[in-house]
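Since the structure comes first, as C-alpha coordinates, the remarks are kept for the end.
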Amino acid sequence: MTTDAKILSALRENPDGVSGAQLAEQLEISRAAIWSRIEELRQVGYEIEAGPHFGYRLVSSPDALHADDLLARLAGTLAPPKIIGRDIRVFKETTSTNDVIEKLARDGVKEGVVVFAESQTRGRGRLGRKWISPADKGLWFSILLRPNLNPQETTQLTVASATALRRAIILETNLRPEIKWPNDILIGGKKVAGILTELSAELDRVKHITLGIGVDVNVDASELPPEVRKIATSLKIESGEKISRAELATEILRELDADYAKICVGKFSEVADEWEAGCATIGKNVTVQMGDRRICGRAESLDDDGALLVRTEHGHLERVIGGDVTLEK
Ligand code: BT5
(Lines give C-alpha, C1' and ligand atoms only; values in the text may rest on other atoms or scores of the structure.)
Protein backbone atom coordinates (compact mmCIF):
# COMPACT_ATOMS: atom_id res chain seq x y z
CA MET A 1 0.00 0.00 0.00
CA THR A 2 1.15 3.55 -0.67
CA THR A 3 1.62 6.06 2.17
CA ASP A 4 -1.67 7.79 1.29
CA ALA A 5 -3.52 4.47 1.32
CA LYS A 6 -2.02 3.67 4.73
CA ILE A 7 -3.03 7.09 6.10
CA LEU A 8 -6.60 6.75 4.79
CA SER A 9 -6.78 3.23 6.14
CA ALA A 10 -5.65 4.41 9.61
CA LEU A 11 -8.13 7.31 9.54
CA ARG A 12 -10.97 4.94 8.68
CA GLU A 13 -9.96 2.48 11.40
CA ASN A 14 -10.00 5.35 13.93
CA PRO A 15 -13.16 7.38 13.27
CA ASP A 16 -12.62 9.37 16.48
CA GLY A 17 -9.19 10.48 15.36
CA VAL A 18 -5.57 9.37 15.32
CA SER A 19 -2.59 11.48 16.39
CA GLY A 20 0.16 12.60 14.03
CA ALA A 21 2.69 10.92 16.30
CA GLN A 22 0.85 7.60 16.11
CA LEU A 23 0.57 7.82 12.33
CA ALA A 24 4.25 8.73 12.04
CA GLU A 25 5.26 5.76 14.15
CA GLN A 26 2.97 3.34 12.35
CA LEU A 27 4.13 4.44 8.90
CA GLU A 28 7.75 4.99 9.90
CA ILE A 29 7.94 8.51 8.47
CA SER A 30 8.25 11.94 10.13
CA ARG A 31 5.28 13.89 11.51
CA ALA A 32 6.12 16.61 8.97
CA ALA A 33 5.79 14.05 6.17
CA ILE A 34 2.41 12.94 7.56
CA TRP A 35 1.27 16.57 7.69
CA SER A 36 2.32 17.14 4.07
CA ARG A 37 0.47 13.98 2.87
CA ILE A 38 -2.64 15.09 4.78
CA GLU A 39 -2.42 18.48 3.01
CA GLU A 40 -2.23 16.67 -0.35
CA LEU A 41 -5.25 14.55 0.54
CA ARG A 42 -7.16 17.71 1.47
CA GLN A 43 -6.23 19.19 -1.91
CA VAL A 44 -7.94 16.29 -3.71
CA GLY A 45 -11.11 16.64 -1.65
CA TYR A 46 -10.69 14.67 1.60
CA GLU A 47 -12.07 16.68 4.49
CA ILE A 48 -9.65 15.93 7.34
CA GLU A 49 -10.05 17.77 10.62
CA ALA A 50 -7.04 18.37 12.86
CA GLY A 51 -7.20 19.13 16.58
CA PRO A 52 -4.97 18.96 19.64
CA HIS A 53 -7.14 16.37 21.39
CA PHE A 54 -8.03 13.95 18.63
CA GLY A 55 -5.20 14.42 16.12
CA TYR A 56 -6.49 13.84 12.59
CA ARG A 57 -10.05 12.82 11.83
CA LEU A 58 -11.61 11.94 8.45
CA VAL A 59 -14.87 13.88 8.07
CA SER A 60 -15.75 13.14 4.46
CA SER A 61 -14.33 11.73 1.26
CA PRO A 62 -14.72 13.19 -2.23
CA ASP A 63 -16.98 11.55 -4.80
CA ALA A 64 -14.06 11.14 -7.20
CA LEU A 65 -12.47 7.69 -7.26
CA HIS A 66 -8.91 7.40 -5.92
CA ALA A 67 -6.84 4.27 -6.13
CA ASP A 68 -5.32 4.82 -2.69
CA ASP A 69 -8.73 5.30 -1.15
CA LEU A 70 -10.12 2.13 -2.75
CA LEU A 71 -7.08 0.13 -1.63
CA ALA A 72 -7.46 1.51 1.90
CA ARG A 73 -11.18 0.68 1.99
CA LEU A 74 -10.51 -2.88 0.82
CA ALA A 75 -7.66 -3.34 3.28
CA GLY A 76 -10.00 -2.28 6.07
CA THR A 77 -12.63 -4.92 5.33
CA LEU A 78 -12.83 -8.16 7.30
CA ALA A 79 -11.55 -10.12 4.34
CA PRO A 80 -8.98 -8.07 2.39
CA PRO A 81 -8.77 -9.08 -1.29
CA LYS A 82 -6.79 -12.17 -2.14
CA ILE A 83 -6.62 -11.49 -5.85
CA ILE A 84 -9.18 -9.02 -7.23
CA GLY A 85 -8.29 -5.50 -6.08
CA ARG A 86 -4.81 -6.07 -4.72
CA ASP A 87 -3.67 -3.55 -7.36
CA ILE A 88 -5.99 -0.70 -8.38
CA ARG A 89 -5.44 2.08 -10.91
CA VAL A 90 -7.78 4.99 -11.64
CA PHE A 91 -7.72 7.03 -14.85
CA LYS A 92 -9.49 10.31 -15.50
CA GLU A 93 -10.27 9.21 -19.06
CA THR A 94 -9.54 6.18 -21.24
CA THR A 95 -10.80 4.80 -24.53
CA SER A 96 -12.09 1.68 -22.80
CA THR A 97 -10.85 0.24 -19.51
CA ASN A 98 -10.75 -3.13 -21.31
CA ASP A 99 -8.07 -1.66 -23.62
CA VAL A 100 -5.94 -0.63 -20.64
CA ILE A 101 -6.21 -4.12 -19.13
CA GLU A 102 -5.26 -5.70 -22.48
CA LYS A 103 -2.08 -3.65 -22.45
CA LEU A 104 -1.30 -4.58 -18.85
CA ALA A 105 -1.91 -8.24 -19.73
CA ARG A 106 0.60 -8.03 -22.59
CA ASP A 107 3.08 -6.39 -20.21
CA GLY A 108 2.81 -9.45 -17.96
CA VAL A 109 1.05 -7.75 -15.02
CA LYS A 110 -0.27 -10.15 -12.35
CA GLU A 111 -3.95 -11.08 -12.30
CA GLY A 112 -6.28 -9.13 -10.05
CA VAL A 113 -5.35 -5.62 -11.19
CA VAL A 114 -8.43 -3.38 -11.52
CA VAL A 115 -8.58 -0.32 -13.77
CA PHE A 116 -11.28 2.30 -13.26
CA ALA A 117 -11.92 5.29 -15.51
CA GLU A 118 -13.99 8.32 -14.60
CA SER A 119 -14.98 8.46 -18.26
CA GLN A 120 -14.50 6.39 -21.39
CA THR A 121 -14.38 7.81 -24.89
CA ARG A 122 -14.97 4.41 -26.54
CA GLY A 123 -16.73 2.31 -23.92
CA ARG A 124 -17.97 -0.86 -25.57
CA GLY A 125 -20.53 -3.59 -25.10
CA ARG A 126 -20.64 -6.97 -26.78
CA LEU A 127 -20.52 -7.38 -30.58
CA GLY A 128 -19.09 -3.90 -31.09
CA ARG A 129 -22.00 -2.15 -29.41
CA LYS A 130 -21.45 1.15 -27.63
CA TRP A 131 -21.44 1.54 -23.86
CA ILE A 132 -22.37 5.06 -22.74
CA SER A 133 -20.15 6.13 -19.82
CA PRO A 134 -21.12 9.58 -18.47
CA ALA A 135 -18.13 11.17 -16.68
CA ASP A 136 -17.90 10.80 -12.88
CA LYS A 137 -21.33 9.17 -12.65
CA GLY A 138 -20.77 5.45 -12.85
CA LEU A 139 -18.37 2.65 -12.18
CA TRP A 140 -16.60 1.85 -15.43
CA PHE A 141 -13.88 -0.68 -14.72
CA SER A 142 -12.08 -3.81 -15.87
CA ILE A 143 -10.21 -6.61 -14.16
CA LEU A 144 -7.35 -8.78 -15.42
CA LEU A 145 -7.76 -12.47 -14.62
CA ARG A 146 -5.57 -15.44 -15.44
CA PRO A 147 -7.72 -18.37 -14.29
CA ASN A 148 -6.87 -21.99 -14.79
CA LEU A 149 -9.99 -22.65 -16.88
CA ASN A 150 -10.49 -23.90 -20.39
CA PRO A 151 -12.21 -21.53 -22.83
CA GLN A 152 -15.64 -23.25 -22.52
CA GLU A 153 -15.63 -22.67 -18.77
CA THR A 154 -15.19 -18.91 -18.96
CA THR A 155 -18.94 -18.22 -18.96
CA GLN A 156 -18.56 -19.13 -15.27
CA LEU A 157 -16.83 -15.78 -14.79
CA THR A 158 -19.66 -13.78 -16.34
CA VAL A 159 -22.14 -15.67 -14.16
CA ALA A 160 -20.01 -15.08 -11.05
CA SER A 161 -19.66 -11.38 -11.87
CA ALA A 162 -23.40 -10.97 -12.24
CA THR A 163 -23.96 -12.75 -8.91
CA ALA A 164 -21.38 -10.62 -7.10
CA LEU A 165 -22.70 -7.40 -8.65
CA ARG A 166 -26.24 -8.21 -7.63
CA ARG A 167 -25.15 -9.00 -4.07
CA ALA A 168 -23.13 -5.77 -3.78
CA ILE A 169 -26.07 -3.67 -5.01
CA ILE A 170 -28.38 -5.34 -2.49
CA LEU A 171 -25.88 -4.66 0.31
CA GLU A 172 -25.44 -0.99 -0.61
CA THR A 173 -29.01 -0.01 -1.56
CA ASN A 174 -32.57 -1.03 -0.79
CA LEU A 175 -33.04 -2.14 -4.40
CA ARG A 176 -33.84 -5.62 -5.71
CA PRO A 177 -31.80 -6.19 -8.87
CA GLU A 178 -32.34 -9.22 -11.08
CA ILE A 179 -29.91 -11.00 -13.36
CA LYS A 180 -30.64 -11.51 -17.02
CA TRP A 181 -28.45 -14.14 -18.61
CA PRO A 182 -25.65 -13.78 -19.34
CA ASN A 183 -24.45 -10.29 -18.60
CA ASP A 184 -27.17 -7.86 -17.56
CA ILE A 185 -28.33 -6.60 -14.19
CA LEU A 186 -31.85 -5.23 -14.34
CA ILE A 187 -33.99 -3.23 -11.96
CA GLY A 188 -37.69 -3.11 -12.78
CA GLY A 189 -36.88 -4.64 -16.17
CA LYS A 190 -34.35 -1.91 -17.07
CA LYS A 191 -30.61 -2.38 -17.41
CA VAL A 192 -28.49 -0.89 -14.64
CA ALA A 193 -25.23 -2.76 -15.27
CA GLY A 194 -23.55 -4.82 -17.97
CA ILE A 195 -20.58 -7.15 -18.13
CA LEU A 196 -18.20 -7.65 -21.04
CA THR A 197 -15.93 -10.69 -20.79
CA GLU A 198 -13.13 -10.67 -23.34
CA LEU A 199 -10.98 -13.72 -23.76
CA SER A 200 -7.45 -14.31 -24.95
CA ALA A 201 -7.03 -18.04 -25.43
CA GLU A 202 -5.34 -20.87 -27.22
CA LEU A 203 -7.38 -23.91 -28.24
CA ASP A 204 -7.63 -25.50 -24.82
CA ARG A 205 -6.12 -22.90 -22.52
CA VAL A 206 -7.11 -19.43 -21.38
CA LYS A 207 -4.21 -16.97 -21.53
CA HIS A 208 -6.05 -14.18 -19.80
CA ILE A 209 -9.50 -12.70 -19.38
CA THR A 210 -10.51 -9.08 -19.31
CA LEU A 211 -13.64 -8.68 -17.29
CA GLY A 212 -15.25 -5.28 -17.99
CA ILE A 213 -18.08 -4.03 -15.82
CA GLY A 214 -20.22 -0.94 -16.20
CA VAL A 215 -22.63 0.16 -13.46
CA ASP A 216 -24.94 3.16 -13.85
CA VAL A 217 -24.62 4.56 -10.35
CA ASN A 218 -25.50 8.27 -10.26
CA VAL A 219 -26.33 8.62 -13.96
CA ASP A 220 -29.31 10.86 -14.72
CA ALA A 221 -31.74 9.94 -17.50
CA SER A 222 -30.79 13.12 -19.39
CA GLU A 223 -27.21 11.82 -19.71
CA LEU A 224 -28.27 8.82 -21.78
CA PRO A 225 -29.24 9.05 -25.45
CA PRO A 226 -32.99 8.52 -26.03
CA GLU A 227 -32.65 4.98 -27.43
CA VAL A 228 -30.66 3.87 -24.35
CA ARG A 229 -32.85 5.83 -21.92
CA LYS A 230 -35.80 3.61 -22.88
CA ILE A 231 -34.07 0.43 -21.75
CA ALA A 232 -31.66 1.68 -19.05
CA THR A 233 -31.81 3.07 -15.54
CA SER A 234 -29.42 3.92 -12.71
CA LEU A 235 -29.19 3.17 -9.00
CA LYS A 236 -29.83 6.87 -8.30
CA ILE A 237 -32.92 6.97 -10.52
CA GLU A 238 -34.32 3.83 -8.87
CA SER A 239 -33.49 4.68 -5.26
CA GLY A 240 -33.92 8.47 -5.44
CA GLU A 241 -30.57 8.85 -3.67
CA LYS A 242 -27.02 9.59 -4.68
CA ILE A 243 -24.87 6.54 -3.98
CA SER A 244 -21.21 6.56 -2.86
CA ARG A 245 -19.36 5.12 -5.83
CA ALA A 246 -16.28 4.31 -3.74
CA GLU A 247 -18.35 2.34 -1.24
CA LEU A 248 -20.15 0.43 -3.95
CA ALA A 249 -16.89 -0.23 -5.81
CA THR A 250 -15.35 -1.65 -2.62
CA GLU A 251 -18.33 -3.89 -2.06
CA ILE A 252 -18.33 -5.14 -5.66
CA LEU A 253 -14.60 -5.94 -5.63
CA ARG A 254 -14.91 -7.75 -2.33
CA GLU A 255 -17.85 -9.86 -3.53
CA LEU A 256 -16.13 -10.57 -6.85
CA ASP A 257 -12.98 -11.68 -5.08
CA ALA A 258 -15.02 -14.10 -2.97
CA ASP A 259 -16.80 -15.61 -6.00
CA TYR A 260 -13.61 -15.77 -8.04
CA ALA A 261 -11.97 -17.71 -5.21
CA LYS A 262 -14.85 -20.24 -5.36
CA ILE A 263 -14.48 -20.69 -9.11
CA CYS A 264 -10.72 -21.17 -8.83
CA VAL A 265 -11.25 -24.13 -6.49
CA GLY A 266 -13.96 -25.69 -8.65
CA LYS A 267 -16.94 -24.58 -6.57
CA PHE A 268 -18.85 -22.97 -9.42
CA SER A 269 -22.01 -24.86 -8.41
CA GLU A 270 -22.30 -22.71 -5.25
CA VAL A 271 -22.18 -19.56 -7.36
CA ALA A 272 -24.62 -21.04 -9.86
CA ASP A 273 -27.20 -21.81 -7.13
CA GLU A 274 -27.17 -18.19 -5.98
CA TRP A 275 -27.30 -17.03 -9.58
CA GLU A 276 -30.42 -19.09 -10.28
CA ALA A 277 -32.10 -17.68 -7.18
CA GLY A 278 -31.54 -14.09 -8.38
CA CYS A 279 -32.19 -14.65 -12.01
CA ALA A 280 -35.01 -13.25 -14.13
CA THR A 281 -34.30 -15.65 -17.00
CA ILE A 282 -34.81 -19.12 -15.52
CA GLY A 283 -38.33 -20.44 -15.90
CA LYS A 284 -39.21 -17.82 -18.54
CA ASN A 285 -39.96 -18.24 -22.19
CA VAL A 286 -37.07 -16.70 -24.05
CA THR A 287 -35.88 -15.93 -27.53
CA VAL A 288 -32.14 -16.17 -28.01
CA GLN A 289 -30.56 -14.53 -31.03
CA MET A 290 -27.09 -15.95 -31.79
CA GLY A 291 -25.84 -14.36 -35.00
CA ASP A 292 -28.27 -15.58 -37.68
CA ARG A 293 -29.67 -18.31 -35.48
CA ARG A 294 -32.70 -17.85 -33.28
CA ILE A 295 -33.84 -20.25 -30.54
CA CYS A 296 -37.23 -19.99 -28.85
CA GLY A 297 -38.07 -21.94 -25.74
CA ARG A 298 -38.09 -22.08 -22.00
CA ALA A 299 -34.92 -21.29 -20.05
CA GLU A 300 -34.52 -24.27 -17.70
CA SER A 301 -31.23 -23.90 -15.86
CA LEU A 302 -27.49 -23.36 -16.08
CA ASP A 303 -25.12 -26.19 -16.89
CA ASP A 304 -21.82 -26.82 -15.12
CA ASP A 305 -19.99 -24.25 -17.22
CA GLY A 306 -22.53 -21.46 -16.86
CA ALA A 307 -24.21 -22.03 -20.24
CA LEU A 308 -27.97 -21.49 -20.39
CA LEU A 309 -30.07 -24.59 -21.08
CA VAL A 310 -33.12 -23.82 -23.17
CA ARG A 311 -35.89 -26.38 -23.85
CA THR A 312 -37.08 -25.56 -27.37
CA GLU A 313 -40.63 -25.78 -28.64
CA HIS A 314 -39.64 -29.13 -30.17
CA GLY A 315 -38.47 -30.52 -26.85
CA HIS A 316 -34.72 -30.38 -27.50
CA LEU A 317 -32.41 -29.08 -24.80
CA GLU A 318 -30.15 -26.42 -26.36
CA ARG A 319 -26.97 -25.25 -24.69
CA VAL A 320 -26.56 -21.50 -25.18
CA ILE A 321 -23.15 -19.94 -24.52
CA GLY A 322 -23.68 -16.49 -26.03
CA GLY A 323 -26.16 -14.27 -27.79
CA ASP A 324 -28.93 -11.88 -26.90
CA VAL A 325 -31.77 -13.10 -24.76
CA THR A 326 -35.21 -11.52 -24.90
CA LEU A 327 -37.60 -12.45 -22.12
CA GLU A 328 -41.07 -13.21 -23.50
CA LYS A 329 -44.12 -12.22 -21.48
C1 BT5 B 1 -22.85 -4.95 -22.11
O2 BT5 B 1 -22.91 -5.16 -23.46
O3 BT5 B 1 -23.79 -4.84 -21.39
C4 BT5 B 1 -21.44 -4.84 -21.56
C5 BT5 B 1 -21.15 -3.49 -20.99
C6 BT5 B 1 -19.78 -3.42 -20.38
C7 BT5 B 1 -19.36 -2.01 -20.10
C8 BT5 B 1 -18.04 -1.95 -19.35
S9 BT5 B 1 -17.67 -0.37 -18.79
C10 BT5 B 1 -16.06 -0.84 -18.38
C11 BT5 B 1 -15.60 -1.78 -19.48
N12 BT5 B 1 -14.98 -1.04 -20.55
C13 BT5 B 1 -15.69 -1.12 -21.68
O14 BT5 B 1 -15.40 -0.56 -22.75
N15 BT5 B 1 -16.78 -1.90 -21.47
C16 BT5 B 1 -16.82 -2.42 -20.13
P17 BT5 B 1 -24.24 -5.49 -24.29
O18 BT5 B 1 -24.98 -6.61 -23.66
O19 BT5 B 1 -23.78 -5.65 -25.70
O20 BT5 B 1 -25.10 -4.19 -24.12
C21 BT5 B 1 -24.84 -3.01 -24.85
C22 BT5 B 1 -26.15 -2.25 -24.98
O23 BT5 B 1 -26.53 -1.70 -23.70
C24 BT5 B 1 -26.08 -1.05 -25.91
O25 BT5 B 1 -26.31 -1.43 -27.23
C26 BT5 B 1 -27.17 -0.14 -25.35
O27 BT5 B 1 -28.43 -0.54 -25.84
C28 BT5 B 1 -27.15 -0.44 -23.86
N29 BT5 B 1 -26.35 0.57 -23.12
C30 BT5 B 1 -25.34 1.35 -23.54
N31 BT5 B 1 -24.86 2.11 -22.57
C32 BT5 B 1 -25.59 1.81 -21.47
C33 BT5 B 1 -25.57 2.26 -20.13
N34 BT5 B 1 -24.71 3.16 -19.67
N35 BT5 B 1 -26.48 1.70 -19.28
C36 BT5 B 1 -27.37 0.77 -19.69
N37 BT5 B 1 -27.44 0.31 -20.94
C38 BT5 B 1 -26.55 0.82 -21.83
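The values are calculated or read from the model by the stated rules, or taken from the named source; none is laboratory data. From a predicted model like this one, the values you see are computed outputs, not experimental measurements. Every residue, glycine as well, gets a Cβ built from its backbone with ideal geometry; the counts of neighbours run over all protein chains shown. The protein model used for the area step is the full one, side chains on, heavy atoms only, and it has no ligands, DNA or RNA in it. Shrake-Rupley method; radii C 1.70, N 1.55, O 1.52, S 1.80 Å.
Computed quantities for the displayed model
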{"read-out": "The chain: relative contact order as a whole-number percent, Cα under 8 Å and 6+ apart", "value": "14"}
{"read-out": "Within the stretch 212-256: backbone nitrogen closer than 15 Å to the residue 174 label point (7 Å, Cα to C-beta)", "value": "236-243"}
{"read-out": "Loop chymotrypsin sites (Phe, Trp or Tyr not before Pro), the stretch 41-84 (other Cβ atoms within 10 Å of the site Cβ: 14 or fewer; DSSP)", "value": "54"}
{"read-out": "Accessible surface of the chain, 1.4 Å probe, proportion on carbon and sulfur as whole %", "value": "49"}
{"read-out": "Global form of the stretch 181-323, assessed from the alpha-carbon gyration tensor, a/c cut-off 1.5", "value": "oblate"}
{"read-out": "Given charges at beta-carbon only (K, R positive; D, E negative), |dipole| of the chain in Debye", "value": "580"}
{"read-out": "Selection of GluC sites (Glu not before Pro), the stretch 1-98, meeting DSSP coil and at most 12 other Cβ within 10 Å", "value": "28"}
{"read-out": "Computed accessible area, residue 200, all protein chains, 1.4 angstrom probe, square angstrom", "value": "30"}
{"read-out": "Overall form of the stretch 1-85 per C-alpha gyration tensor (a/c, 1.5; a/b vs b/c)", "value": "prolate"}
{"read-out": "Burial order of peptide ranges 14-20, 281-287, 251-257 (average beta-carbon count within 10 Å, highest first)", "value": "251-257, 281-287, 14-20"}
{"read-out": "Size of charge dipole - the stretch 1-150 - debye, nearest 20, with Cβ of Lys, Arg +1 and Asp, Glu -1, no other charges", "value": "860"}
{"read-out": "Computed over the stretch 285-327: relative contact order in percent, which uses C-alpha pairs under 8 Å that are six or more apart", "value": "39"}
{"read-out": "GNM flexibility winner over the chain from 233, 154, 77 (Cα, springs under 10 Å)", "value": "77"}
{"read-out": "Cα gyration tensor shape of the chain, rounded if a/c is under 1.5, else prolate or oblate by comparing a/b with b/c", "value": "prolate"}
{"read-out": "Listed residues 288, 219, 44, most fluctuating in the chain (Gaussian network, C-alpha, under 10 Å)", "value": "44"}
{"read-out": "Helix-only [θ]222 nm of the chain, DSSP H runs n ≥ 4, -39500 (n - 2.57) each, per residue, nearest 500", "value": "-10000 deg cm²/dmol"}
{"read-out": "Total charge dipole magnitude, the stretch 1-61, about the Cα centre, Cβ charges on Lys, Arg, Asp, Glu only, Debye to nearest 20", "value": "20"}
{"read-out": "For the stretch 238-299: relative contact order, % (alpha-carbon pairs under 8 angstrom, 6 or more apart)", "value": "18"}
{"read-out": "Listed pairs 137/262; 130/230; 103/236; 191/284; 137/190 exceeding 21 Å between Cα atoms", "value": "137/262; 103/236"}
{"read-out": "For residue 118, distant residues with modelled amide H under 5 Å away", "value": "91, 92, 93"}
